[in-house]
Amino acid sequence: MLHSLLQLGDKYFMWNEGPMIWTSDVLIVLTSLGIIGVLTYLKRWNWLWKEWLTTVDHKKIGIMYIIAAFAMFFRGGMDGLIIRAQLAVPNNQFLNAEHYDQVFTTHGTIMILFMAMPFIIGLMNIAVPLQIGARDVAFPYLNALSFWLFFFAALLFNISFVIGGSPDAGWTSYAPLAGPFYDTGVGENYYLISLQITGIGTIATGINFLVTILKMRAPGMTLMKMPMFTWSILVTSIIIIFAFPVLTVTLALLMFDRLFGAQFFSVTHGGLPMMWANLFWIWGHPEVYIVILPAFGVFSEVVSTFSHKRLFGYKAMVVSMVAIAILSFTTWVHHFFTMGAGASVNSFFSFSTMLIAVPTGVKMFNWLFTMYKGRIQFTTSMLWALAFIPNFLIGGLTGVMLAVAPADYQYHNSYFLVAHFHYVLIAGTVFGVFSGLYYWWPKMFGHILNEKIGKWAFWIFMISFNMTFMPMYFLGLMGMTRRMYTYPAGLGWGPLNMIETIGALGMGLGFVVMVYDIVYSIRHPEKDLTGDPWDGRTLEWSIPSPAPEYNFAVIPEVKGIDAYWMMKHPKGQEPEPTKAVDKSKIRPIHMPNNSYRPFIISVAFFVAGFGFIWQWYWLGIPGLIVVVIGLFLRSFEYDDEHFISTEEIVQTETAAGRL
Amino acid sequence: MSVHMESLHEPTTSSLPLEYQEDGNLKIFGFWVFLAAEVVLFSTLFATYLVFHGNVAGGPTSQQLFDIRGFTIETFLLLTSSFTMGLGTYEMRRQNTKGVVVWVLITVLLGLGFLGMEISEFSHYVSIGANISRSAFLSAFFVLVGTHGSHVTLGIFWILSILVQVMRKGITPKTARKLFVVGLYWHFLDVVWVFIFTVVYLTGKVM
Ligand code: HEM
Ligand SMILES: [Cu+2]
């Protein structure tokens, strides 16, 4: 009895692998019990269900995205620290090769798909409807579904660590390495299926925001009067719609190879392993612009707000984003110059890659010119934006070096590359989302994050970041390749690796200080009573903080770029009292009802995914059937909206001091 | 509750066709965008199929497998069903519930006929050993055509569920919009099939 139980434990929970797994198991059980205990003790289940799990409000969904992204940053960051612990000294045996493979795979996958993506989608959920003067996104219900699909996909991916084993073929999951022949076990199935689920949610998000931005702008806001962050999300949504279906297909093909014996990427039955690399990067390169363009959008808002000047070169900004979006689909081969596509193909992709530097450079100069002669205010949010410029520049310039195909034969898959993409991903995307978080936090919660602690977090994180990744450029040139689990002594790599590890600990500390800032600010809130703590320029600052459920009591009229700034500073007139809402214009407001279905459908997706991962079709197929039933039931739902009465709006606005 | 309510979405004027009223405009536009994503999905599958077309690994080729009579009848059934779906939309515009029900039911029957033929085609291939594992060509064939087939299957269930709603509620802005959207989906699948017919079957028969 006990014996067979232990055998099951070894088979499904890898108990034979030692203390790391046991500790994780215990921690997971304790944390879950802790959460359940606290919720029960505080009698918060009902609140959780009514206010959050069933919500369709874009602001709450945005907050949930960001909380989940923080949790995933923690998980991915722990992976990063484990990697750095292993590489700190030569000949280290803290992890064996197999475990190391798993750790960098989950690190990369989580950071890109379960940290960067949801963080950005969270910010766009919060800011876009407010910036365009809308009451929600076009399809609030679908929006909730997107979130829960992401959430349960992330959960699915993460449980691989303790149930069945993590994927281990890199975040790029190249065939034939990731195929059924070389990679037995369920790890890669977790990768394929959880990415599939979150990818579906992302496509829905792309559609949702495209329609929202094109169809739901306040009267007067033409496309060329939209805030720059909204522009960046419009362009990003278009890239999502064109890129993510490619990922869907790519994952499905490998899934067919692994689960149903198809031969797409095999070598014996006419399959082509290179097909994977091509398809993966046809999605993958646009994907890096999906995570960077919204960060550019944040910087445009932040730089302009805290320089107290209009954004320089609005049109050039828009044109360069569109150019980047188009070019992003023409560069994918630069990820495998060394695979032998031939000189002319390599030359083409080398050139197209370098071309992207042009619009990116234009944007850089526009930010600099925006600050030029501005009255710069060094808030935490602005510090992240300022640090972005030189750090991202380092990442971008080394990117151009990598784009030189013949030279890439030297640096390809070395630590030079690892340094490059962390300089763009961290100095671009991560600095961007942190900047946005400090910027929009008051609008989300009604109080400002403590600036002093925030600046500590910034300096610690930013300096440690350079300490971690700058040496990697040199290690790469010295010959250290990526994804190697250990290295011999005597190559002179030891000291630089040790510096990197210390830097990584510093980044961890910076992250902790930021979390402390959040906790501190919740306990000692510096309330934002004005709704406009930064002297903002766009419509989200014209309403109270936190924004009421319906966002705008009266939909504003937009007269130009920086609509709210224009309301505050009308030309040739006395400034009017901009905050007051005109009571006579208030009407009852139509809002969508909460729904439990997005949550339930996503749980069913989770169960189905788990079934397919283990090839337990008795579980997978019923799971999918529940998903389909959920969708059909939704179709039969007619009474899904409610009204907020005039009295209620008047009450809320009076409480916020607007009437 | 009729006076001056501000809706979440932009107001629409009543000169538009029924399906575009209330928030129909927004949803129909959203559906078009969804179809754009579907175009990308199918394009990727077509590209994959074209890459693998010759990689038969000593197994059957497309020329040996495809049966002209079979795929011609399939095409005829699906194209006709698209036409009858169009007639259903036409009756919807004329507010004729009965006409809608009749034409849409015919559409479903034609769709079922198409599916039946496809399933028998697939099972025939499998029975002679031309299954998904035989070669990369067959993997690509089954996944491309099968993806279309599973879309058709879902489409049939979807159409039926909308039909039930139309029968229950009559032709209202909501049901009209739903019928219109599922119609778009059905026509889209028809267009995809036209490409499968030319790229996979016709070309595959000669090359
Ligand atoms: C928190 C600090 C971080 C540290 C210390 C860190 C460290 C590392 C290291 C050392 C590697 C190379 C592993 C190897 O090739 O053997 C790596 C890989 C990678 N990292 Fe990070 N990283 C951090 C944050 C991030 C962030 C924020 C992102 C993305 C937004 C990211 C994305 C990636 C990706 C995609 C890979 C490639 C994984 C693979 O080879 O499959 N990392 N990281
Ligand atoms: Cu790239």
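The values are calculated or read from the model by the stated rules, or taken from the named source; none is laboratory data. Bear in mind the structure is a predicted one, so any value in this text is a computation, not a measurement. Don't worry about glycine lacking a Cβ; one is built from the backbone with ideal geometry, like all the others, and counts go over all protein chains shown. For accessibility, only protein heavy atoms count, side chains too; no ligands or nucleic acids. Shrake-Rupley method; radii C 1.70, N 1.55, O 1.52, S 1.80 Å.
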Each residue of B:34-43 has, on average, a number of other protein chain C-beta atoms within 10 Å of its C-beta equal to 5
Heavy-atom accessible area of the stretch B:18-206 with neighbours in place, 1.4 angstrom probe: carbon+sulfur share in percent works out to 71 percent
Diffusion coefficient in µm²/s returned for the stretch A:264-330 by Stokes-Einstein, Kirkwood Rh over C-alpha pairs, 4 °C and 1.567 mPa s, is 89 µm²/s
In degrees, nearest 10, the alpha-carbon axis of helix A:597-613 is tilted away from the dominant principal axis of the alpha carbons of chain A by 10 degrees
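Which chymotrypsin sites (Phe, Trp or Tyr not before Pro) does the stretch A:553-659 hold that lie in a coil by DSSP with at most 14 other beta carbons within 10 Å?
Hits after loop and neighbour filter: A:596, A:616, A:636, A:638.
Taking Cα pairs under 8 Å and at least six residues apart, what relative contact order does the stretch A:51-143 come out at, in percent?
Here the relative contact order equals 48 percent.
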Here, chymotrypsin sites (Phe, Trp or Tyr not before Pro) of the stretch A:171-278 satisfying both criteria (DSSP loop; at most 15 other Cβ within 10 Å) are A:181, A:182
Spelling it out for residue A:56: with amide H atoms placed in the peptide plane at 1.01 Å from N, the residues 5 or more places away or on another chain with amide H under 5 Å from its amide H are A:595
The Cα radius of gyration of the stretch A:1-43, divided by 2.2 N^0.38 Å with N its residue count, comes to 1.53
Extension length gain for residue A:625 and residue A:12 (0.36 nm per residue less Cα distance), in nm, is 218.1 nm
The summed charge of the residue A:373 Cβ neighbourhood (under 14 Å; Lys/Arg +1, Asp/Glu -1) stands at +3
In the protein assembly as shown, taking the dipole from +1 charges on Lys and Arg beta carbons and -1 charges on Asp and Glu beta carbons about the Cα centre, the listed residue (B:99, A:645, A:300) farthest towards the positive end is A:645
extent check for the stretch A:303-460: Cα max minus min per principal axis, descending, whole Å, gives 57, 34, 27
Rounded to the nearest Å, the spacing of the alpha-carbon centers of the stretch A:302-344 and the stretch A:387-451 is 14 Å
Over all pairs of different Cα atoms in the protein assembly as shown, the reciprocal of the mean inverse distance gives a Kirkwood radius in Å of 29.0 Å
Taking the alpha-carbon centre of each part, the distance from the stretch B:33-78 to the stretch A:83-110 in Å is 43 Å
Set A:315/A:452; A:309/A:583; A:59/A:225; A:215/A:583; A:455/A:559, cut-off 28 Å on Cα-Cα distance; pairs above it are A:315/A:452; A:309/A:583; A:455/A:559
On complex formation of B with A, accessible surface lost, both sides summed, probe 1.4 Å, nearest 100 Å², amounts to 4000 Å²
Sites removed, the longest contiguous part of chain A containing no DSSP-loop GluC sites (Glu not before Pro) with at most 13 other Cβ within 10 Å is A:1-556
Once the mean of 1/r over all distinct C-alpha pairs in the stretch A:1-113 is inverted, the Kirkwood radius in Å reads 17.3 Å
Using alpha carbon centers only, the stretch B:122-193 is separated from the stretch A:608-659 by a whole-angstrom value of 25 Å
Per-residue ellipticity at 222 nm attributable to helices in the protein assembly as shown (runs of n ≥ 4 DSSP H, -39500 (n - 2.57) apiece, nearest 500 deg cm²/dmol) works out to -22500 deg cm²/dmol
Shielding of B:94-100 by other chains, given as the mean Cβ count within 10 Å, works out to 0
Between the Cα axis of helix A:273-307 and the main Cα principal axis of chain A, the angle (0 to 90°, nearest 10) is 30 degrees
Note, residue A:20: beta-carbon cut-off 14 Å, +1 each Lys/Arg, -1 each Asp/Glu, net -4
The stretch A:138-255 -> Rg/Rh from Cα coords, Kirkwood Rh, value 1.11
Taking a crude spin-label model, label points 7 Å out from Cα along the C-beta direction, the residue A:641 to residue A:28 distance in nm is 4.4 nm
With a Förster distance of 35 angstrom and the Cβ-Cβ distance between residue A:557 and residue A:522, calculated FRET efficiency to the nearest 0.05 equals 0.45
Over the protein assembly as shown, with neighbouring protein chains present, the accessible area per residue in Å² at probe 1.4 Å is 40 Å²
Relative contact order in percent for the stretch A:500-659 (Cα pairs under 8 Å, 6+ apart) equals 21 percent
per DSSP, antiparallel bridges as share of beta bridges in the protein assembly as shown, % nearest 5, sits at 90 percent
To the nearest 0.05, the calculated FRET efficiency linking residue A:654 and residue B:80 through their beta-carbon distance, R0 being 45 Å, is 0.10
Length-normalised contact order of chain A, Cα under 8 Å, at least 6 apart, in percent, tallies to 16 percent
Taking the chain alone as reference and the full protein assembly as comparison, with a 1.4 Å probe on protein heavy atoms only, the residues of the stretch A:259-281 that lose at least 30 Å² of accessible area are A:263, A:264, A:269, A:270, A:272, A:275
Expressed in angstrom and ordered largest first, the alpha-carbon extents of the stretch B:18-206 along the principal axes are 57, 29, 23
With a Förster distance of 60 angstrom and the Cβ-Cβ distance between residue B:98 and residue A:357, calculated FRET efficiency to the nearest 0.05 equals 0.40
Mean other chain Cβ within 10 Å across A:28-37 is 0
So, over other residues within a Cβ distance under 11 Å of residue A:163, counting Lys, Arg +1 and Asp, Glu -1, the net charge is 0
Hits in the stretch A:243-283: amide N under 16 Å from the 7 Å Cα→Cβ extension of residue A:214, namely A:243
Of all trypsin sites (Lys or Arg not before Pro) in the stretch A:359-440, the ones in DSSP coil with at most 11 other Cβ atoms within 10 Å are A:373, A:375
So, with points 7 Å from each Cα along the Cβ direction, the residue B:164-residue A:413 label distance in nm works out to 5.4 nm
So the carbon and sulfur contribution to the accessible area of the stretch A:394-443, 1.4 Å probe, in percent, is 74 percent
